[in-house]
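The values are calculated or read from the model by the stated rules, or taken from the named source; none is laboratory data. Everything numeric here is computed off the predicted structure, so don't read it as measured data. Please note: Cβ atoms are built from the backbone with ideal geometry, for glycine as well, and neighbour counts cover all protein chains shown. These area figures cover heavy atoms from the full protein model, side chains too; ligands, DNA and RNA do not enter into them. Shrake-Rupley method; radii C 1.70, N 1.55, O 1.52, S 1.80 Å.
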Amino acid sequence: MSFRQERTSNSPSLGYTEAGGSPAPAGPDGTPGKGTGPVFLLATLACLAALAATYFVFVRTTTGQFIDESALVEAVAMSGTAGKAATKLLDWLPALSVVISTVVVLFVTILRRRWAAAGIALAACVGANVATQILKDLVPVRPYRGVETLELNSLPSGHTTMAASAAAAVFLMVSPRWRPLAGFLGGSFAVATGVSTLINQWHRPADVVAAFLVVGAFMLPAGWLIIRTGPRWNVWDGFGEHWAAARLWLALPVLAGLASAALAGYSLLQTASGAGQDGSTTTYFWAGTALIVVAGYLATVAGIWLFGHAARRRRAPLR
């Protein structure tokens with residue numbers, strides 16, 4: 001036996017081979033995503049359960065309707081510079097979402113030949129947007145609970161669904177080392193879109209949160225399929241191995257979410273105590289904005305962690 005043959009026979013299996021012939025780091029089972037199916041399933045079911053809860057609390061109950069509608073009414077005070085900026089964002093949103101997602105997906109698909117991943121991501125994106133429009137038509141009108149409000153259903157937000165699903169498609173298509181950065185940027189884009197719909201009084205906060213949950217319910221199963229069908233490129237060395245995989249992209253949404261939660265709690269406590277009744281009239285607006293930010297960035301953090309956990313591979317120890 002030659003020295004080359006001996007080295008080959010005694011070397012541990014390194015799993016799948018990446019494009020170009022270099023070995024991909026392999027986990028104990030050598031298969032990205034294996035064993036994480038139940039986690040993705042639970043996360044998807046959690047999205048559906050949270051969607052149902054959002055509808056019940058903010059549409060079917062008096063307290064939920066009051067909070068949701070008050071945030072919408074108080075958004076009038078934010079007209080002006082913020083309103084103009086929000087309007088411009090929403091006017092450009094359809095084209096912006098399509099262009100960004102198309103450029104990235106086509107670039108990755110053609111150059112990296114991730115045809116299956118592109119098909120899955122596109123199908124999930126279309127499915128989320130179609131489901132949003134169907135829910136708008138099927139969900140009953142808002143029942144009268146003593147709160148003056150428009151009876152027509154506006155849940156979920158179509159604009160937010162479009163922005164969040166486009167961002168999620170990009171997140172699924174890029175390599176694991178780029179997903180933390182893509183997740184943060186895409187989550188920020190979706191959150192900004194949701195807040196803009198509230199400022200323009202197009203949607204209530206619950207409509208935006210529902211849109212996030214619809215997108216999650218479609219993109220989570222799609223992401224699991226992409227990881228399972230793309231073992232050659234769904235590998236990485238963990239957080240910190242690349243600047244786009246730095247833990248900073250997890251820390252920023254966590255800090256933004258905590259700050260927003262504190263703002264929401266403070267605003268609602270001020271209202272409950274009767275403080276500032278003669279002053280600010282934007283208490284519920286800020287509480288609703290905080291709800292959007294918390295929901296959007298919570299989904300961002302959960303997605304970055306879950307997909308990083310599913311795709312991470314480690315080299316088998318030498319024996």
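If you check residue 142 against the conditions, is it in contact (Cβ under 8 Å) with a residue 60 or more places away in the chain, in a helix (DSSP H, G or I) and in contact with an Asp or Glu (Cβ under 8 Å, 6 or more places away or on another chain)?
Considered against the rule, which asks whether it is in contact (Cβ under 8 Å) with a residue 60 or more places away in the chain, in a helix (DSSP H, G or I) and in contact with an Asp or Glu (Cβ under 8 Å, 6 or more places away or on another chain), residue 142 comes out as no.
Select from segment 213-253 the residues that are of a type in the set (Phe, Trp, Tyr) and either open to solvent by 30 Å² or more (accessible area, probe 1.4 Å) or over 17 Å from residue 305 (Cα atoms) (or both) and list them in ascending order.
Matches in segment 213-253: 218, 224, 233, 239, 243, 249.
Could you say whether any residue in segment 167-174 is under 30 Å from residue 236 (Cα atoms), in contact with a helix residue (DSSP H, G or I) (Cβ under 7 Å, 6 or more places away or on another chain) and not in a helix (DSSP H, G or I)?
yes
Can you name the number of the only condition in (1) open to solvent by 10 Å² or more (accessible area, probe 1.4 Å); (2) in a helix (DSSP H, G or I) that residue 163 fails?
All conditions pass for residue 163, except number (1).
Residue 64 passes all but one of (1) modelled with pLDDT of 90 or more; (2) surrounded by 14 or more Cβ atoms within 10 Å (Cβ to Cβ); (3) under 22 Å from the mean Cα position of the chain (by Cα); which number fails?
The one condition residue 64 does not meet is (3).
Quick grid of which residues meet (1) farther than 21 Å from residue 111 by Cβ; (2) surrounded by fewer than 24 Cβ atoms within 10 Å (Cβ to Cβ); (3) not β-branched (Val, Ile, Thr):
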position: 151; (1), (2), (3): yes, yes, yes
position: 171; (1), (2), (3): no, no, yes
position: 176; (1), (2), (3): no, no, yes
position: 181; (1), (2), (3): no, yes, yes
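With the condition kept exactly as written, say whether any residue in segment 276-292 is assigned to a helix (DSSP H, G or I), under 15 Å from the mean Cα position of the chain (by Cα), surrounded by 18 or more Cβ atoms within 10 Å (Cβ to Cβ) and among the polar types (S, T, N, Q).
no
Give the residues of segment 89-135 that are of a type in the set (D, E, K, R) and surrounded by fewer than 17 Cβ atoms within 10 Å (Cβ to Cβ), sorted by residue number.
Correct list: 91, 113.
Among the listed residues 153, 129, which satisfies the condition of being of a type outside the set (Phe, Trp, Tyr) and part of a loop (DSSP other than H, G, I, E, B)?
Values: 129 fails: part of a loop (DSSP other than H, G, I, E, B).
153 is the lone residue from the list that is of a type outside the set (Phe, Trp, Tyr) and part of a loop (DSSP other than H, G, I, E, B).
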